[in-house]
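Everything on this sheet refers to the single structure shown next.
The values are calculated or read from the model by the stated rules, or taken from the named source; none is laboratory data. All values reported here derive from a predicted model rather than from experimental measurement. Cβ placement follows ideal geometry from the backbone for every residue including glycine, while neighbour counts extend to all protein chains displayed. In case anyone asks, the SASA skips ligands and DNA or RNA and just uses the protein heavy atoms, side chains included. Shrake-Rupley method; radii C 1.70, N 1.55, O 1.52, S 1.80 Å.
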Amino acid sequence: MPLSSLDAVIEKLQKCEMVSEAVVKDICHKAREILADESNVQTLYAPITVCGDIHGQFYDLKEIFLRGGQPPETNYLFLGDFVDRGFYSVETFLLLLSLKIRYPDRVHLIRGNHESRQITQVYGFYEECLRKYGSVNVWRYFTEVFDYISLSALIENQVFCVHGGLSPSVSALDQIRTIDRKQEVPHDGAMCDLLWSDPEEIEGWGLSPRGAGYIFGGDVVQKFNQENNISLIARAHQLVMEGYKSMFDDTCITVWSAPNYCYRCGNVASILKFDEKLNKTYQIVDAAPQETRGIPAKKPALEYFL
């Protein structure tokens, strides 16, 4: 796809307009080519802005760009969970993939637990693809891309970024680099844990109430950070009403970037900005004003949100 065509597609997607199935196929193919070359632990540099879960809230993603700056002027890392629950997962993921293709060194994506065939069949993305395109083809193109998205990132060799958290199977970053990520998210093991685990005020490891991954305490974080010579873990995955949460003496932080989650939770969102010296600031992002939002083609059933 020539740049002029890609720019036209991006312009269309920024208006939340649908593109043809053939264009979706092209975007997914090109995105896979770019993502396939990335390490399981991407090496990134500051200044950079880190964003947590988006969950198909397209107009709130636009609000993030409005507050944080447009790519490529701002260097972005998105921590996964681009799809499900919101009304516009198709447009959200397509826009992010198109921006990744257009600015591969300024837009960085890592995989969340919702970038999964099984999960998207339960929480809305599958039905949205079917409703908007009339077949499962588009969903299949997207889920093939899921398998190529990197698992984590390392900013300036100091900040480890992952969607969920740590794993008892992983004590060193090099162990993540050797994972074969080009697959559906497994039900257990290191790859599963990185996408599903959560920090908790406990000692050691515990079973996760989510039914996948683990919960882990401050002692686990301290040991992991020391052994890998890093100072901070930045992750997403958990709704935080204030938009962000710092734990364990600011060695593990959660960033949540879907304001008024599911259009009903009443939370604010945040994005995490690192300057050249890795000084961090949180920018609060409110939900996009009602008058700027489109109206979904069809209101999903209530079960869509449960």
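So the values come out like this:
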| item | result |
| --- | --- |
| Options LYS245, LYS223, LYS182; residue that is under 26 Å from ILE64 (Cβ atoms) and among the basic types (Lys, Arg) | LYS245 |
| Residues (in contact with an Asp or Glu (Cβ under 7 Å, 6 or more places away or on another chain) and open to solvent by less than 20 Å² (accessible area, probe 1.4 Å)) located in region 196-205 | GLY204 |
| Residue identified as small (Gly, Ala, Ser), surrounded by fewer than 24 Cβ atoms within 10 Å (Cβ to Cβ) and under 26 Å from ILE233 (Cβ atoms) among GLY68, GLY52 | GLY68 |
| Subset tally (residues that are more than 19 Å from TRP196 (Cβ to Cβ) and either open to solvent by less than 10 Å² (accessible area, probe 1.4 Å) or part of a loop (DSSP other than H, G, I, E, B) (or both)) for region 125-136 | 5 |
| Criterion (at pLDDT 95 or above and within 21 Å of VAL162 (Cβ to Cβ)) met by exactly one of SER89, SER116 | SER116 |
| Selection count where residues are in a strand (DSSP E or B) and touching a helix residue (DSSP H, G or I) at 6+ places or on another chain (Cβ under 8 Å), scope region 236-268 | 2 |
| Scope region 75-122; condition in contact with a helix residue (DSSP H, G or I) (Cβ under 6 Å, 6 or more places away or on another chain), farther than 24 Å from ASN40 by Cβ and part of a loop (DSSP other than H, G, I, E, B); matching residues | ARG85, TYR88 |
| Count of region 207-216 residues which are surrounded by 14 or more Cβ atoms within 10 Å (Cβ to Cβ) and either modelled with pLDDT under 95 or not hydroxyl-bearing (Ser, Thr, Tyr) (or both) | 5 |
| Yes/no for GLY243 being touching a Leu at 6+ places or on another chain (Cβ under 6 Å), buried (at least 19 other Cβ atoms within 10 Å of the Cβ) and in contact (Cβ under 8 Å) with a residue 12 or more places away in the chain | no |
| Cross-chain or 6+ apart pairs with Cβ under 8 Å, region 222-237 first and of a type in the set (Val, Ile, Thr), then assigned to a loop (DSSP other than H, G, I, E, B) | ILE230/ASN157; ILE230/GLN158; ILE233/GLY165; ILE233/LEU166; ILE233/THR251 |
| Members of region 19-38 found to be outside any helix (DSSP H, G or I), surrounded by 14 or more Cβ atoms within 10 Å (Cβ to Cβ) and of a type in the set (Asp, Glu), listed by number | GLU38 |
| Qualifying positions in region 7-16 - under 22 Å from the mean Cα position of the chain (by Cα) and open to solvent by less than 80 Å² (accessible area, probe 1.4 Å) | VAL9, ILE10, LEU13, GLN14, CYS16 |
| Matching residues in region 39-74 - criterion: being touching a residue at least 60 places away in the same chain (Cβ under 8 Å), assigned to a loop (DSSP other than H, G, I, E, B) and over 16 Å from the mean Cα position of the chain (by Cα) | SER39, TYR45, ALA46, PRO47 |
| Residue satisfying all of: in region 157-169; part of a loop (DSSP other than H, G, I, E, B) and within 26 Å of THR49 (Cα to Cα); most open to solvent (accessible area, probe 1.4 Å) among these | ASN157 |
| Breaking point among (1) surrounded by fewer than 19 Cβ atoms within 10 Å (Cβ to Cβ); (2) out of contact with any helix residue (DSSP H, G or I) (no Cβ under 8 Å at 6 or more places or on another chain); (3) not polar (S, T, N, Q), for ASP193 | (1) |
| Region 235-262: number of residues that are closer than 16 Å to PHE274 by Cβ and either within 12 Å of the chain's Cα centre (by Cα) or of a type in the set (D, E, K, R) (or both) | 5 |
